[in-house]
1. Given R₀ = 22 Å, FRET efficiency for B:K212-B:Q136 by Cβ-Cβ distance, to 0.05?
2. Beyond 15 Å, what share of the Cα-Cα pairs of segment A:7-95 is found? Please give it as a whole percent.
3. How well do other chains shield peptide A:59-71, expressed as the mean number of their Cβ atoms within 10 Å of each residue Cβ?
4. Of all the accessible heavy-atom surface of segment A:7-95, with the other protein chains kept in place and a 1.4 Å probe, what percent is carbon and sulfur?
5. Got a sec to turn the phi values of segment A:13-28 into Karplus ³J(HN,Hα) couplings, 6.51 cos²θ - 1.76 cosθ + 1.60 with θ = phi - 60°, whole Hz, x for Gly and Pro?
6. Can you pull the mean other chain C-beta count within 10 Å for peptide A:159-170?
7. Order A:52-60, A:127-135 from most to least packed using the mean count of other Cβ atoms within 10 Å.
8. In peptide A:15-25, how many Cβ atoms from other protein chains are near each Cβ within 10 Å, on average?
Amino acid sequence: MNSSVTPFDFQGCLAACARGDRSALQALYDHEGSRLLGVVRRIVRDDAMAEDIVHDAFIRIWTRATSFDATRGSARGWIYSINRHLALNAVRDSRQETTLDDADIVTLVGEFDEGAIWSGSAKIYRCLEQLQPAPQRCVLHAYVDGCSHAEIASLMGAPLGTVKAWIKRSLEALRECMT
Amino acid sequence: MTPGSTDDPSQLLDVLAGEYVLGTLSAEQRAAVLARLDREPDLRAAVDRWEARLLELTTLAEPQRPSTRLWRRIDRSISEQARQVHPTSRWWKRLGLWQGVSAAGLAATVLLSLALLTTRPATTHYLVVLVAPTDQVPGWVVQASDARTIALIPLGRDQVPEGMTLQFWTKGEQWQAPVSLGLVKPGEQYRVPLRDLPPLEPNQLFELTLEKAGGSPTGRPTGPVKFIGRSVKVI
(Lines give C-alpha, C1' and ligand atoms only; values in the text may rest on other atoms or scores of the structure.)
Protein backbone atom coordinates (compact mmCIF):
# COMPACT_ATOMS: atom_id res chain seq x y z
CA MET A 1 0.00 0.00 0.00
CA ASN A 2 2.96 2.30 -0.04
CA SER A 3 4.68 4.37 -2.71
CA SER A 4 3.56 4.72 -6.35
CA VAL A 5 1.75 7.92 -5.40
CA THR A 6 1.43 10.48 -8.16
CA PRO A 7 3.08 13.69 -6.99
CA PHE A 8 0.49 15.97 -5.51
CA ASP A 9 1.31 19.55 -4.63
CA PHE A 10 0.08 19.64 -1.04
CA GLN A 11 1.56 23.04 -0.33
CA GLY A 12 0.13 24.57 -3.49
CA CYS A 13 -3.20 23.05 -2.56
CA LEU A 14 -3.17 24.69 0.88
CA ALA A 15 -2.19 28.02 -0.66
CA ALA A 16 -5.17 27.72 -3.02
CA CYS A 17 -7.46 26.84 -0.10
CA ALA A 18 -6.17 29.92 1.72
CA ARG A 19 -7.21 31.99 -1.30
CA GLY A 20 -10.70 30.51 -1.04
CA ASP A 21 -10.39 28.10 -3.97
CA ARG A 22 -12.78 25.33 -3.09
CA SER A 23 -11.79 23.14 -6.01
CA ALA A 24 -8.37 22.82 -4.36
CA LEU A 25 -9.96 21.32 -1.27
CA GLN A 26 -11.91 18.91 -3.44
CA ALA A 27 -8.73 17.94 -5.27
CA LEU A 28 -7.13 17.21 -1.91
CA TYR A 29 -10.12 15.13 -0.91
CA ASP A 30 -10.10 13.19 -4.18
CA HIS A 31 -6.39 12.55 -3.93
CA GLU A 32 -5.89 11.87 -0.26
CA GLY A 33 -9.37 11.28 1.17
CA SER A 34 -9.27 7.49 1.29
CA ARG A 35 -5.78 7.41 2.79
CA LEU A 36 -6.79 9.95 5.44
CA LEU A 37 -9.97 8.03 6.17
CA GLY A 38 -7.92 4.85 6.48
CA VAL A 39 -5.61 6.44 9.04
CA VAL A 40 -8.52 7.85 11.05
CA ARG A 41 -10.61 4.66 10.79
CA ARG A 42 -7.73 2.60 12.14
CA ILE A 43 -7.55 4.84 15.21
CA VAL A 44 -11.27 5.24 15.97
CA ARG A 45 -12.36 1.75 14.79
CA ASP A 46 -15.78 2.94 13.67
CA ASP A 47 -16.82 3.85 10.12
CA ALA A 48 -19.34 6.57 10.94
CA MET A 49 -17.11 8.20 13.54
CA ALA A 50 -14.18 8.10 11.14
CA GLU A 51 -16.17 9.93 8.47
CA ASP A 52 -17.31 12.52 11.02
CA ILE A 53 -13.70 13.17 11.92
CA VAL A 54 -12.48 13.44 8.34
CA HIS A 55 -15.37 15.85 7.73
CA ASP A 56 -14.26 18.01 10.67
CA ALA A 57 -10.65 17.75 9.58
CA PHE A 58 -11.43 19.03 6.09
CA ILE A 59 -13.35 21.97 7.53
CA ARG A 60 -10.36 22.71 9.70
CA ILE A 61 -7.95 22.41 6.78
CA TRP A 62 -10.14 24.84 4.87
CA THR A 63 -10.47 27.41 7.62
CA ARG A 64 -6.88 27.19 8.79
CA ALA A 65 -5.09 26.91 5.47
CA THR A 66 -3.96 30.52 5.88
CA SER A 67 -2.15 29.61 9.08
CA PHE A 68 -0.14 26.77 7.54
CA ASP A 69 3.53 27.61 8.06
CA ALA A 70 5.92 25.76 5.77
CA THR A 71 8.86 26.55 8.04
CA ARG A 72 7.33 24.22 10.63
CA GLY A 73 6.89 21.16 8.44
CA SER A 74 5.45 19.75 5.26
CA ALA A 75 1.95 20.52 4.03
CA ARG A 76 1.22 16.82 3.79
CA GLY A 77 2.35 16.35 7.39
CA TRP A 78 0.15 19.24 8.50
CA ILE A 79 -2.89 17.68 6.83
CA TYR A 80 -2.25 14.25 8.35
CA SER A 81 -1.59 15.65 11.80
CA ILE A 82 -4.92 17.51 11.79
CA ASN A 83 -6.71 14.27 10.96
CA ARG A 84 -4.76 12.13 13.42
CA HIS A 85 -5.10 14.53 16.32
CA LEU A 86 -8.84 14.94 15.81
CA ALA A 87 -9.11 11.14 15.81
CA LEU A 88 -6.92 10.82 18.90
CA ASN A 89 -8.89 13.52 20.72
CA ALA A 90 -12.09 11.64 19.93
CA VAL A 91 -10.90 8.27 21.21
CA ARG A 92 -9.18 9.67 24.28
CA ASP A 93 -12.33 11.56 25.18
CA SER A 94 -14.75 8.72 24.60
CA ARG A 95 -13.04 5.36 24.68
CA GLN A 96 -12.93 3.64 28.02
CA GLU A 97 -9.40 2.73 28.89
CA THR A 98 -8.71 -1.00 28.81
CA THR A 99 -11.99 -1.95 27.10
CA LEU A 100 -10.11 -3.32 24.20
CA ASP A 101 -11.56 -5.89 21.92
CA ASP A 102 -8.77 -7.92 20.40
CA ALA A 103 -10.90 -8.52 17.35
CA ASP A 104 -10.77 -4.79 16.68
CA ILE A 105 -7.05 -4.90 16.34
CA VAL A 106 -6.54 -6.23 12.88
CA THR A 107 -4.23 -9.12 13.76
CA LEU A 108 -1.52 -6.57 14.19
CA VAL A 109 1.05 -8.84 15.64
CA GLY A 110 1.40 -10.88 12.48
CA GLU A 111 1.03 -7.90 10.24
CA PHE A 112 3.72 -5.86 11.89
CA ASP A 113 6.10 -8.80 11.95
CA GLU A 114 5.86 -9.38 8.20
CA GLY A 115 9.01 -8.07 6.61
CA ALA A 116 6.90 -6.74 3.75
CA ILE A 117 5.69 -3.68 5.58
CA TRP A 118 9.23 -2.49 6.04
CA SER A 119 9.61 -2.07 2.33
CA GLY A 120 8.81 1.59 2.86
CA SER A 121 11.92 3.55 2.09
CA ALA A 122 11.35 6.11 4.84
CA LYS A 123 14.03 6.30 7.46
CA ILE A 124 11.56 5.64 10.24
CA TYR A 125 11.26 2.01 9.11
CA ARG A 126 14.98 1.43 9.26
CA CYS A 127 15.08 2.97 12.71
CA LEU A 128 12.10 0.94 13.91
CA GLU A 129 13.82 -2.24 12.79
CA GLN A 130 16.60 -1.53 15.25
CA LEU A 131 14.20 -1.66 18.20
CA GLN A 132 13.41 -4.87 20.03
CA PRO A 133 10.16 -6.48 18.80
CA ALA A 134 8.09 -5.58 21.88
CA PRO A 135 8.98 -1.85 22.02
CA GLN A 136 8.56 -1.72 18.26
CA ARG A 137 5.01 -3.06 18.54
CA CYS A 138 4.25 -0.53 21.28
CA VAL A 139 5.16 2.33 18.93
CA LEU A 140 3.05 0.92 16.11
CA HIS A 141 0.04 0.15 18.32
CA ALA A 142 0.21 3.70 19.60
CA TYR A 143 0.77 5.60 16.37
CA VAL A 144 -1.15 3.44 13.91
CA ASP A 145 -3.88 1.94 16.12
CA GLY A 146 -4.31 4.89 18.48
CA CYS A 147 -3.87 2.66 21.54
CA SER A 148 -3.33 4.16 24.98
CA HIS A 149 -0.65 2.84 27.35
CA ALA A 150 -3.26 0.71 29.11
CA GLU A 151 -4.61 -0.70 25.88
CA ILE A 152 -1.15 -1.64 24.70
CA ALA A 153 -0.44 -3.27 28.04
CA SER A 154 -3.55 -5.42 27.85
CA LEU A 155 -2.94 -6.22 24.20
CA MET A 156 0.61 -7.35 24.85
CA GLY A 157 0.04 -8.87 28.25
CA ALA A 158 2.75 -6.66 29.71
CA PRO A 159 2.67 -4.54 32.89
CA LEU A 160 1.66 -0.92 32.36
CA GLY A 161 4.95 0.39 33.75
CA THR A 162 6.92 -1.78 31.36
CA VAL A 163 4.93 -0.51 28.40
CA LYS A 164 5.49 3.10 29.46
CA ALA A 165 9.20 2.48 29.79
CA TRP A 166 9.40 0.72 26.42
CA ILE A 167 7.69 3.65 24.73
CA LYS A 168 9.88 6.21 26.42
CA ARG A 169 13.02 4.33 25.47
CA SER A 170 11.76 3.73 21.94
CA LEU A 171 11.21 7.46 21.48
CA GLU A 172 14.72 8.18 22.67
CA ALA A 173 16.17 5.55 20.37
CA LEU A 174 14.14 6.72 17.38
CA ARG A 175 15.14 10.31 17.91
CA GLU A 176 18.78 9.27 18.14
CA CYS A 177 18.50 7.12 15.02
CA MET A 178 16.72 9.74 12.94
CA THR A 179 18.97 12.69 13.57
CA MET B 1 12.72 3.07 35.61
CA THR B 2 14.47 4.13 32.44
CA PRO B 3 18.20 4.14 32.86
CA GLY B 4 19.99 7.44 32.59
CA SER B 5 19.34 10.48 30.44
CA THR B 6 15.64 11.18 31.06
CA ASP B 7 16.16 13.63 33.92
CA ASP B 8 17.35 16.24 31.46
CA PRO B 9 14.47 18.74 31.01
CA SER B 10 14.92 18.97 27.25
CA GLN B 11 14.83 15.18 27.10
CA LEU B 12 11.61 15.15 29.12
CA LEU B 13 10.11 17.78 26.84
CA ASP B 14 11.05 15.72 23.83
CA VAL B 15 9.52 12.53 25.23
CA LEU B 16 6.34 14.47 26.07
CA ALA B 17 6.22 15.79 22.51
CA GLY B 18 6.84 12.29 21.17
CA GLU B 19 4.05 10.78 23.27
CA TYR B 20 1.71 13.57 22.20
CA VAL B 21 2.35 12.74 18.55
CA LEU B 22 2.28 8.98 19.15
CA GLY B 23 -1.09 9.47 20.82
CA THR B 24 -0.49 7.74 24.14
CA LEU B 25 -1.34 10.72 26.36
CA SER B 26 -4.67 10.92 28.19
CA ALA B 27 -7.31 13.46 27.20
CA GLU B 28 -6.18 15.78 30.02
CA GLN B 29 -2.52 15.47 29.14
CA ARG B 30 -3.29 16.10 25.47
CA ALA B 31 -5.24 19.24 26.34
CA ALA B 32 -2.38 20.43 28.54
CA VAL B 33 0.18 19.95 25.76
CA LEU B 34 -2.10 21.69 23.27
CA ALA B 35 -2.46 24.67 25.59
CA ARG B 36 1.31 24.91 25.95
CA LEU B 37 2.08 24.71 22.23
CA ASP B 38 1.24 28.33 21.53
CA ARG B 39 3.43 29.70 24.26
CA GLU B 40 6.29 27.20 24.31
CA PRO B 41 8.26 27.32 21.10
CA ASP B 42 10.62 24.53 22.23
CA LEU B 43 7.74 22.17 22.82
CA ARG B 44 6.12 23.12 19.55
CA ALA B 45 9.34 22.58 17.65
CA ALA B 46 9.76 19.17 19.32
CA VAL B 47 6.19 18.24 18.34
CA ASP B 48 6.82 19.39 14.77
CA ARG B 49 9.93 17.21 14.60
CA TRP B 50 8.06 14.15 15.86
CA GLU B 51 5.22 14.75 13.40
CA ALA B 52 7.78 14.71 10.58
CA ARG B 53 9.66 11.67 11.91
CA LEU B 54 6.61 9.48 12.32
CA LEU B 55 4.53 10.69 9.37
CA GLU B 56 5.45 7.80 7.07
CA LEU B 57 3.94 5.31 9.52
CA THR B 58 0.53 6.54 8.34
CA THR B 59 1.08 4.40 5.23
CA LEU B 60 0.60 1.31 7.41
CA ALA B 61 -3.12 2.02 7.65
CA GLU B 62 -5.10 0.52 4.80
CA PRO B 63 -6.86 3.25 2.77
CA GLN B 64 -10.62 3.22 3.05
CA ARG B 65 -12.92 4.58 0.37
CA PRO B 66 -15.22 7.23 1.87
CA SER B 67 -18.96 6.97 1.39
CA THR B 68 -20.36 9.09 -1.42
CA ARG B 69 -22.00 11.33 1.16
CA LEU B 70 -18.80 12.51 2.79
CA TRP B 71 -17.64 15.06 0.24
CA ARG B 72 -21.18 16.48 -0.07
CA ARG B 73 -21.27 16.95 3.70
CA ILE B 74 -17.93 18.74 3.71
CA ASP B 75 -18.97 20.95 0.81
CA ARG B 76 -22.24 21.84 2.48
CA SER B 77 -20.59 22.66 5.80
CA ILE B 78 -18.20 25.03 4.08
CA SER B 79 -21.04 26.79 2.28
CA GLU B 80 -22.87 27.20 5.57
CA GLN B 81 -19.81 28.64 7.23
CA ALA B 82 -19.28 31.10 4.42
CA ARG B 83 -22.75 32.46 5.04
CA GLN B 84 -22.14 32.82 8.75
CA VAL B 85 -18.90 34.70 8.34
CA HIS B 86 -20.50 37.69 6.68
CA PRO B 87 -21.55 40.09 9.40
CA THR B 88 -25.31 40.36 9.73
CA SER B 89 -27.34 43.25 10.96
CA ARG B 90 -27.60 41.52 14.31
CA TRP B 91 -24.13 42.33 15.35
CA TRP B 92 -24.31 45.84 14.10
CA LYS B 93 -26.99 46.25 16.70
CA ARG B 94 -24.74 44.78 19.29
CA LEU B 95 -22.12 47.28 18.20
CA GLY B 96 -24.55 50.06 19.01
CA LEU B 97 -24.64 48.74 22.53
CA TRP B 98 -20.86 48.75 22.76
CA GLN B 99 -20.76 52.32 21.58
CA GLY B 100 -22.79 53.30 24.60
CA VAL B 101 -19.89 52.37 26.81
CA SER B 102 -17.67 55.24 27.86
CA ALA B 103 -14.51 55.67 25.81
CA ALA B 104 -12.51 56.63 28.85
CA GLY B 105 -13.58 53.49 30.61
CA LEU B 106 -12.51 51.43 27.62
CA ALA B 107 -9.09 53.01 27.46
CA ALA B 108 -8.62 52.31 31.14
CA THR B 109 -9.71 48.74 30.60
CA VAL B 110 -7.10 48.27 27.91
CA LEU B 111 -4.32 49.77 29.99
CA LEU B 112 -5.20 48.04 33.19
CA SER B 113 -6.57 44.81 31.83
CA LEU B 114 -4.48 42.63 34.07
CA ALA B 115 -5.54 44.50 37.15
CA LEU B 116 -9.11 44.39 36.06
CA LEU B 117 -9.05 40.66 35.51
CA THR B 118 -9.82 40.07 39.11
CA THR B 119 -12.36 42.81 39.57
CA ARG B 120 -14.40 42.33 36.40
CA PRO B 121 -14.64 38.64 35.79
CA ALA B 122 -17.69 39.02 33.55
CA THR B 123 -15.68 40.63 30.74
CA THR B 124 -13.81 38.36 28.39
CA HIS B 125 -10.14 39.16 28.05
CA TYR B 126 -7.82 37.91 25.38
CA LEU B 127 -4.09 37.72 25.15
CA VAL B 128 -1.96 36.77 22.15
CA VAL B 129 1.79 36.39 22.03
CA LEU B 130 3.08 36.83 18.50
CA VAL B 131 6.24 34.85 17.84
CA ALA B 132 8.56 34.71 14.86
CA PRO B 133 7.70 31.53 12.91
CA THR B 134 11.35 30.77 12.27
CA ASP B 135 12.88 30.91 15.73
CA GLN B 136 9.73 31.19 17.87
CA VAL B 137 11.04 34.32 19.57
CA PRO B 138 8.16 36.42 20.95
CA GLY B 139 8.08 39.84 19.29
CA TRP B 140 4.74 41.39 20.14
CA VAL B 141 1.86 40.97 22.54
CA VAL B 142 -1.73 41.58 21.57
CA GLN B 143 -3.92 42.45 24.47
CA ALA B 144 -7.66 42.85 24.38
CA SER B 145 -9.61 43.48 27.49
CA ASP B 146 -12.89 44.27 25.81
CA ALA B 147 -14.46 43.14 22.59
CA ARG B 148 -13.84 46.30 20.59
CA THR B 149 -10.30 47.52 21.04
CA ILE B 150 -7.04 45.69 20.93
CA ALA B 151 -3.54 46.90 21.71
CA LEU B 152 -0.46 45.60 19.92
CA ILE B 153 2.53 46.04 22.18
CA PRO B 154 6.10 45.58 20.94
CA LEU B 155 8.54 43.52 23.01
CA GLY B 156 11.54 44.74 21.03
CA ARG B 157 12.33 46.69 17.94
CA ASP B 158 12.20 44.79 14.66
CA GLN B 159 14.29 45.64 11.64
CA VAL B 160 12.12 46.37 8.64
CA PRO B 161 13.88 46.79 5.29
CA GLU B 162 13.56 50.12 3.51
CA GLY B 163 10.45 50.39 1.39
CA MET B 164 8.71 47.72 3.46
CA THR B 165 6.22 47.82 6.29
CA LEU B 166 4.66 45.48 8.82
CA GLN B 167 0.98 44.83 8.30
CA PHE B 168 -1.26 43.50 11.05
CA TRP B 169 -3.89 40.85 10.25
CA THR B 170 -6.44 38.76 12.05
CA LYS B 171 -8.60 35.81 11.16
CA GLY B 172 -11.26 34.02 13.21
CA GLU B 173 -11.55 30.24 12.99
CA GLN B 174 -14.56 30.37 10.69
CA TRP B 175 -13.53 33.29 8.51
CA GLN B 176 -12.64 32.75 4.90
CA ALA B 177 -9.61 35.03 4.87
CA PRO B 178 -7.58 37.29 7.14
CA VAL B 179 -8.60 40.91 7.55
CA SER B 180 -6.11 43.76 7.72
CA LEU B 181 -5.93 45.69 10.97
CA GLY B 182 -3.56 48.27 9.50
CA LEU B 183 0.12 49.09 9.16
CA VAL B 184 2.41 48.91 12.16
CA LYS B 185 5.62 50.79 12.91
CA PRO B 186 8.37 48.65 14.44
CA GLY B 187 8.82 49.24 18.15
CA GLU B 188 5.68 51.35 18.50
CA GLN B 189 2.52 50.47 20.31
CA TYR B 190 -0.51 50.26 18.04
CA ARG B 191 -4.14 50.36 18.98
CA VAL B 192 -6.97 49.13 16.79
CA PRO B 193 -10.69 49.58 17.16
CA LEU B 194 -12.37 46.38 16.09
CA ARG B 195 -15.58 48.06 15.04
CA ASP B 196 -15.85 46.42 11.65
CA LEU B 197 -15.13 42.92 12.87
CA PRO B 198 -17.05 40.32 14.82
CA PRO B 199 -16.12 40.10 18.53
CA LEU B 200 -12.86 38.43 19.40
CA GLU B 201 -12.96 34.70 19.89
CA PRO B 202 -10.64 32.09 21.34
CA ASN B 203 -7.96 30.76 18.99
CA GLN B 204 -8.33 33.74 16.67
CA LEU B 205 -5.27 34.11 14.48
CA PHE B 206 -3.16 37.28 14.57
CA GLU B 207 -0.13 37.88 12.42
CA LEU B 208 2.27 40.52 11.17
CA THR B 209 3.47 40.15 7.60
CA LEU B 210 6.16 42.05 5.77
CA GLU B 211 4.57 44.01 2.94
CA LYS B 212 5.62 46.73 0.53
CA ALA B 213 5.29 50.25 1.96
CA GLY B 214 1.66 51.24 1.90
CA GLY B 215 0.49 47.72 2.67
CA SER B 216 -0.57 44.66 0.70
CA PRO B 217 -2.02 45.70 -2.66
CA THR B 218 -4.43 42.77 -2.69
CA GLY B 219 -6.04 43.22 0.70
CA ARG B 220 -4.71 39.77 1.67
CA PRO B 221 -1.31 38.96 3.17
CA THR B 222 1.22 38.58 0.38
CA GLY B 223 4.56 38.86 2.15
CA PRO B 224 6.27 36.51 4.62
CA VAL B 225 4.80 36.09 8.10
CA LYS B 226 7.12 37.77 10.60
CA PHE B 227 5.11 37.13 13.76
CA ILE B 228 2.14 34.91 14.41
CA GLY B 229 -0.01 33.75 17.32
CA ARG B 230 -3.49 32.78 18.44
CA SER B 231 -5.69 34.36 21.05
CA VAL B 232 -6.21 32.72 24.40
CA LYS B 233 -8.96 33.64 26.79
CA VAL B 234 -7.66 34.94 30.08
CA ILE B 235 -9.93 34.33 33.01
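1. Values: r = 26 Å, r/R0 = 1.19.
Plugging the Cβ-Cβ distance into 1/(1 + (r/R0)^6) gives 0.25.
2. Numbers: 2118 of 3916 pairs.
Above the 15 Å cut-off, segment A:7-95 has 54 percent of its Cα pairs.
3. On the way: counts 8, 1, 1, 7, 10, 4, 1, 11, 8, 0, 6, 2, 7.
Mean partner shielding for this stretch: 5.
4. In segment A:7-95, the share of accessible area belonging to carbon and sulfur is 45 percent.
5. With coefficients 6.51, -1.76 and 1.60, one gets 5, 5, 4, 5, 4, 4, 7, x, 8, 6, 5, 5, 5, 5, 4, 4 Hz.
6. Numbers: counts 0, 0, 1, 1, 1, 4, 4, 1, 5, 10, 6, 2.
For this peptide, the per-residue mean of nearby foreign Cβ atoms is 3.
7. Numbers: A:52-60: 21.6, A:127-135: 15.6.
Ranking the peptides A:52-60, A:127-135 by packing returns A:52-60, A:127-135.
8. Details: counts 0, 0, 0, 6, 4, 4, 0, 5, 0, 0, 4.
Rounded to a whole number, the mean comes out at 2.
The values are calculated or read from the model by the stated rules, or taken from the named source; none is laboratory data. Source: prediction; values computed, not measured. Cβ: placed from backbone, ideal geometry, glycine included. Neighbour counts: every protein chain shown. Remember, those area values only see protein heavy atoms, side chains included, never the ligands or the DNA or RNA. Shrake-Rupley method; radii C 1.70, N 1.55, O 1.52, S 1.80 Å.
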